[in-house]
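Nothing in this text is a laboratory measurement; each read-out follows from the coordinates by a stated rule. Quick caveat, the model's predicted, so the values are computed rather than measured. Glycine gets a Cβ as well: all are built from the backbone with ideal geometry, and neighbour counts include every protein chain shown.
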Amino acid sequence: MKLDSNSDFEVLEFSDSRYEKLTVEIQYKGESAAQINQDQGMDRLELEVFADLDSSVLKVPLAGFLESLVLAKRSIEA
């Protein structure tokens with residue numbers, strides 16, 4: 001689902017074979033920016049931020065990224 005306030009951000013629920021449970025990915029302009037997984041339990045959600053610092057830096061609007069994180073957390077808890 002895309003953010004109402006910034007459609008460049010999208011939150012996607014999916015099953016990643018690297019994890020036992022559901023994961024939620026945050027994309028910015030179609031690029032993976034972060035992923036939340038619940039393999040350690042709902043009270044210990046893990047956030048992975050994707051960045052390849054050798055080739056480039058992914059810059060995203062902070063407000064949109066924070067809103068995406070909240071939306072992603074809510075969707076994984078539902």
- Query: Looking at 69, 17, 32, which one has the Cα that reaches farthest to the positive end of the dipole of the chain (charges on Cβ: Lys, Arg +1; Asp, Glu -1)?
  - Reply: 69
- Phi to ³J(HN,Hα) by Karplus 6.51 cos²θ - 1.76 cosθ + 1.60 over the stretch 16-24, Hz, x for Gly, Pro: 9, 4, 6, 10, 7, 10, 4, 10, 10
- Angle between the chain longest axis and helix 62-77 axis [Cα atoms, degrees, rounded to 10]: 20
- Message: If the only charges are +1 at each Lys and Arg Cβ and -1 at each Asp and Glu Cβ, what is the size of the charge dipole of the chain around the Cα centre, to the nearest 20 debye?
- Response: 160
- Message: Please report the net charge: other residues with Cβ closer than 9 Å to the Cβ of residue 35, K and R +1, D and E -1.
- Response: -4
- How much net charge surrounds residue 15 when only other residues with a Cβ under 14 Å from its Cβ are counted (Lys, Arg +1; Asp, Glu -1)? -3
- Projected label distance in nm at residue 5 and residue 74, using a 7 Å step from Cα toward the beta-carbon: 1.1
- Note on the structure: A correct Karplus calculation of ³J(HN,Hα) over the stretch 10-15, with 6.51 cos²θ - 1.76 cosθ + 1.60, θ = phi - 60°, whole Hz and x for Gly and Pro, returns 9, 10, 10, 8, 7, 9
- Counting as exposed only trypsin sites (Lys or Arg not before Pro) in DSSP loop states with no more than 11 other Cβ atoms inside 10 Å, the longest exposed-site-free span of the chain is 30-58
